[in-house]
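Have a look at the structure below, then the notes.
The values are calculated or read from the model by the stated rules, or taken from the named source; none is laboratory data. Quick caveat, the model's predicted, so the values are computed rather than measured. Cβ placement follows ideal geometry from the backbone for every residue including glycine, while neighbour counts extend to all protein chains displayed. Remember, those area values only see protein heavy atoms, side chains included, never the ligands or the DNA or RNA. Shrake-Rupley method; radii C 1.70, N 1.55, O 1.52, S 1.80 Å.
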Amino acid sequence: LWEGVLLAELLQPAGVKSEAVTVIFHGVDGYTTSLPWEAVQDKQLILAYKSNGLPLPPEMGYPFIVVAEDRFGYKWARWVERIELSPEPFYRGYWESFGYSIDGEIR
């Protein structure tokens with residue numbers, strides 16, 4: 001059970017520009033990955049700070065982990081310290097630069 005904030009609700013007050021199509025997540029360890037802005041909104045993805053009623057422990061991604069339940073694990077960005085909105089639809093994060101799917105959707 002994850003507890004957190006809806007990513008769309010977190011980002012909207014920042015003034016999401018109409019050209020934003022990709023949400024890029026930056027981890028404290030330099031890891032990056034992205035998700036389509038449309039998927040973040042439609043799937044109601046969250047940025048979690050608790051798991052099973054307990055604060056997120058460091059090994060699970062403290063302070064924040066992206067909970068992307070319909071995506072492969074490499075899309076579950078851990079140790080998130082910064083979120084960026086981009087007009088670039090084909091942003092390649094760490095694993096994507098090695099040929100992994102950009103959207104990471106489990107089909």
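Just need log10 I(q)/I(0) for the range 1-58 at q = 0.13, 0.26 Å⁻¹, Debye formula, equal scatterers on the alpha-carbon atoms, no solvent, rounded to two decimals.
Relative scattering, expressed as log10 I(q)/I(0), comes to -0.39, -1.16.
Quick one: accessible area per residue over the range 1-47, 1.4 Å probe, rounded to a whole number of Å²?
Ligands and nucleic acids excluded, the figure is 53 Å² per residue.
Summing Lys, Arg as +1 and Asp, Glu as -1, what charge do residues with Cβ under 13 Å from the Cβ of TYR74 carry, TYR74 excluded?
Details: positive: ARG71, LYS75, ARG78, ARG92; negative: GLU96, ASP103, GLU105.
Residues close to TYR74 contribute a combined charge of +1.
Which three semi-axes in whole Å describe the equivalent ellipsoid of the chain, each the square root of 5 times a Cα gyration tensor eigenvalue, listed largest first? It would help to have the intermediate numbers written out before the result.
Working: eigenvalues 81, 54, 33 Å².
Three semi-axes, in Å: 20, 16, 13.
May I ask you to give the percent of accessible area on the chain that is carbon plus sulfur, with a probe radius of 1.4 Å?
On the way: 3490 of 6280 Å².
About 56 percent, which is the carbon plus sulfur part of the accessible surface.
Just to be sure I understand: with springs between alpha-carbon atoms less than 10 Å apart, which residue in SER34, SER97, SER18 has the highest mean-square fluctuation in the Gaussian network model of the chain?
Sorting by GNM fluctuation, first place goes to SER18.
Counting only C-alpha contacts under 8 Å and six or more residues apart, can you give the relative contact order of the chain as a whole percent? Working shown, then result.
Details: 207 pairs, mean separation 36.4, N = 107.
So the answer I get is 34 percent.
Under a plain spin-label model, where a point goes 7 Å from the Cα along Cα-to-Cβ, how far apart in nm are LYS17 and ASP103?
Each label point is offset 7 Å from its Cα along the Cβ direction, giving 2.5 nm.
How large is the charge dipole for the range 54-107, taken about the Cα centre, if only the Cβ atoms of Lys, Arg (+1) and Asp, Glu (-1) carry charge, to the nearest 20 debye? Display every interim value, and only then the final one.
Values: 6 positive and 9 negative charges, 17 e Å.
It works out to roughly 80 debye.
Between the DSSP loop rule and a limit of at most 11 other Cβ atoms within 10 Å, which chymotrypsin sites (Phe, Trp or Tyr not before Pro) in the range 29-107 are left?
Loop-located and lightly packed - PHE90.
Give me the dipole magnitude in Debye, nearest 20, for the range 1-93 about the Cα centre, with unit charges on the beta carbon: positive for Lys and Arg, negative for Asp and Glu.
100 debye
What does the net charge come to around PRO63 if you take all other residues with beta carbon closer than 12 Å to its beta carbon, with K and R at +1 and D and E at -1? Before the final figure, lay out the partial values.
Values: positive: LYS50, ARG78, ARG82; negative: GLU81.
Local net charge: +2.
For the chain, what does -39500 (n - 2.57) per DSSP helix run (n ≥ 4), summed and divided by total residues, give at 222 nm, in deg cm²/dmol to the nearest 500? Please list the in-between numbers first.
On the way: 2 runs with 11 residues, N = 107.
The helix contribution divided over the chain gives -2000 deg cm²/dmol.
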